[in-house]
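This report concerns only the one structure given below.
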């Protein structure tokens, strides 16, 4: 075989290998995009490099595979769902405490499912592997909660934080997440005596916006939320 033929074979082999590598990278990118959704774009922006971002996301996958992530039992799901109702009811009289309780309840569920709950950034990274569509809500809730801790959060901000916590909470429980924009409001919301296009409940009955009670407290509120760091 002449030297020219050998060189041509080498070139062909290199081209084939390069094509296979490129195809493998495209397949990996597609799978990561499908799994991580908005977290994929966030990682690319933060790393300022698609390859570095994909390496980080792949590292998250490897870490989570080593964790003992498990579903909740049906009885646990029922208990936690009832606890969340108590947290929402408490928002009527004590918004800041209710948001703190919501955080504690979410992290309690995370712990029971096998997620470490130490460093915030690691928590977000771990959650993003299997809860990519709702981990952004947890991040938003944390930001609003930090403002609440400094006394800079309005009641509406606290309500939004509770809604964001609810999105991840429902996902962790295995319930379908809310698909509506929690910050969206209709023109009817601005009308006196209306919320979400519906009349506000009569006095003595808690009305709701986005599933979070506002106005007068509902009777016979449960005290289950106090197990998660709140005060009566």
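The values are calculated or read from the model by the stated rules, or taken from the named source; none is laboratory data. Only a predicted model underlies this, so the values are computations on that prediction, with no experimental measurement involved. Because the Cβ atoms are built from the backbone with ideal geometry, glycine has one as well, and the counts that use them run over all protein chains shown.
Checked against the criterion of being modelled with pLDDT under 90 and assigned by TED's automatic domain parsing to the domain that holds residue 96, the candidates 171, 181 yield just one match: 181.
If a residue has to be under 17 Å from residue 33 (Cα atoms) and without any contact (Cβ under 8 Å) to a residue 60 or more places away in the chain to count, how many in segment 125-148 make the cut? Residues in segment 125-148 being under 17 Å from residue 33 (Cα atoms) and without any contact (Cβ under 8 Å) to a residue 60 or more places away in the chain: 3 in total.
Scanning segment 93-144 for residues that are touching a helix residue (DSSP H, G or I) at 6+ places or on another chain (Cβ under 8 Å) and not in a helix (DSSP H, G or I) returns 115, 116, 117, 131, 132, 133, 134.
Condition test on residue 46, is it in contact with a helix residue (DSSP H, G or I) (Cβ under 8 Å, 6 or more places away or on another chain), surrounded by 20 or more Cβ atoms within 10 Å (Cβ to Cβ), at pLDDT below 95 and not assigned by TED's automatic domain parsing to the domain that holds residue 159? Judged against the criteria, residue 46 is not a match.
Against the criterion of being more than 22 Å from residue 172 (Cβ to Cβ), surrounded by 10 or more Cβ atoms within 10 Å (Cβ to Cβ) and over 20 Å from the mean Cα position of the chain (by Cα), residue 52 qualifies.
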